[in-house]
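One structure is given here, and the rest of the page talks about it.
The values are calculated or read from the model by the stated rules, or taken from the named source; none is laboratory data. Predicted, not measured: the structure shown is a model, and the values here were computed from it. Here the Cβ positions follow ideal geometry from the backbone for every residue, glycine too, while neighbour counts run over all protein chains shown.
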Amino acid sequence: MQIIKTPAELNAYAAKVKSEGKTVGLVPTMGYLHEGHKSLIRKSSEQNDVTIVSVFVNPTQFGPSEDLETYPRDLERDKAAAEQAGADVIFHPEPEDMYPKRYGTYVSVDSGITKILCGKTRPGHFRGVATVVTKLFNISMADRAYFGQKDAQQLAVIMRMVSDLNMNIEIVPCPIVREADGLAMSSRNTYLSAEERSQALSLSAALKQAEDAIKNGRTNLDKIKRGIRDKISEAPLADIEYVESVTFPELEPCGGQLDRKTLIALAVRFGTTRLIDNIIVSPNQEG
Ligand code: PAF
């Protein structure tokens, strides 16, 4: 597995690979790889000749009071995990290579889907994500890019961007990967104390309860969301930011009844750690 450090080197590598008629899969990450990332890498290496994993903690998607400085970083561990999952290249640029002096171009998905859910408390976050993802698509010349459904709003924003800007890339959504006890995998889980981690299980438990209720025919979304809030509130350390339902992937308001493909998403703080999780459901539970 190769480690490539600069956009110019990766672009030259990708151009050569493409000139040989090979396909390129891109797995964009901020590193500290876990089983969720590894599932994306495995999927990409099944579907493409070459898999590039970017490991870049993107400064433009962090707000001023967020965890840019403390975000976990361990390139040696990431190299081993990426190689084991089937990556051919790790792209690990420095911030100044991605955003050199006089950098001034940003991609902003302004349709409203970036203003709801996480966008309410993280202004500018999706602009940073859309910008870096566009740059990564261009540099890697990828045919396909792989994103986890855990960041369902991010996935929807990227799908919208790709469609709006006629980008020639296939976005491959991949299911949430959970720990054995249900906690959705996230690099930020490492911030949780033992007590917070134990109480954070209320998130997946609440979503599972909602999913079961839907399977049993419940369609009243207000009651479903109330049930989720009640279950999470049993954890004394949980501070709920939102529990919302919107259509997926359009992220439009849905009425009170579950009558189409719907994202039920939540964000909850445990101390200074903000966790997100979600389910995508349909009245007949085809998801
Ligand atoms: O999901 C993430 O890890 C990041 O938002 C991404 C897509 C790698 C962009 O920095």
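Among the helices (runs of 4 or more DSSP H) confined to the stretch 112-167, the ones with at least 3 residues that are within 11 Å of the ligand (Cβ to nearest atom), buried (at least 19 other Cβ atoms within 10 Å of the Cβ) and touching a residue at least 24 places away in the same chain (Cβ under 8 Å) are located at 125-140, 152-164.
Would you confirm, using the coordinates I've provided, whether N220 is under 19 Å from A265 (Cβ atoms) and surrounded by fewer than 16 Cβ atoms within 10 Å (Cβ to Cβ)? Spelling it out, N220 is indeed under 19 Å from A265 (Cβ atoms) and surrounded by fewer than 16 Cβ atoms within 10 Å (Cβ to Cβ). Within the stretch 170-189, can one find any residue that is assigned to a helix (DSSP H, G or I) and more than 13 Å from the ligand (Cβ to nearest atom)? Yes, the stretch 170-189 contains at least one residue that is assigned to a helix (DSSP H, G or I) and more than 13 Å from the ligand (Cβ to nearest atom).
Given V177, V281, V268, V243, which one is at pLDDT 95 or above and closer than 30 Å to M141 by Cβ?
Values: V281 fails: closer than 30 Å to M141 by Cβ; V268 fails: closer than 30 Å to M141 by Cβ; V243 fails: closer than 30 Å to M141 by Cβ.
None of the other options fit; the residue is V177.
Per this entry, V57 is not counted among residues that are over 19 Å from the mean Cα position of the chain (by Cα) and either touching a residue at least 12 places away in the same chain (Cβ under 8 Å) or within 20 Å of Q149 (Cα to Cα) (or both). Among the residues of the stretch 202-229, those identified as free of Cβ contacts under 8 Å to residues at least 24 places away in the same chain and either under 22 Å from the mean Cα position of the chain (by Cα) or part of a helix (DSSP H, G or I) (or both) are Q209, D212, A213, K223, R226, G227, R229. If we scan the stretch 97-106, do we find a residue that is under 23 Å from M1 (Cα atoms), in a helix (DSSP H, G or I) and within 12 Å of the ligand (Cβ to nearest atom)? Yes, there is a match, as at least one residue in the stretch 97-106 is under 23 Å from M1 (Cα atoms), in a helix (DSSP H, G or I) and within 12 Å of the ligand (Cβ to nearest atom).
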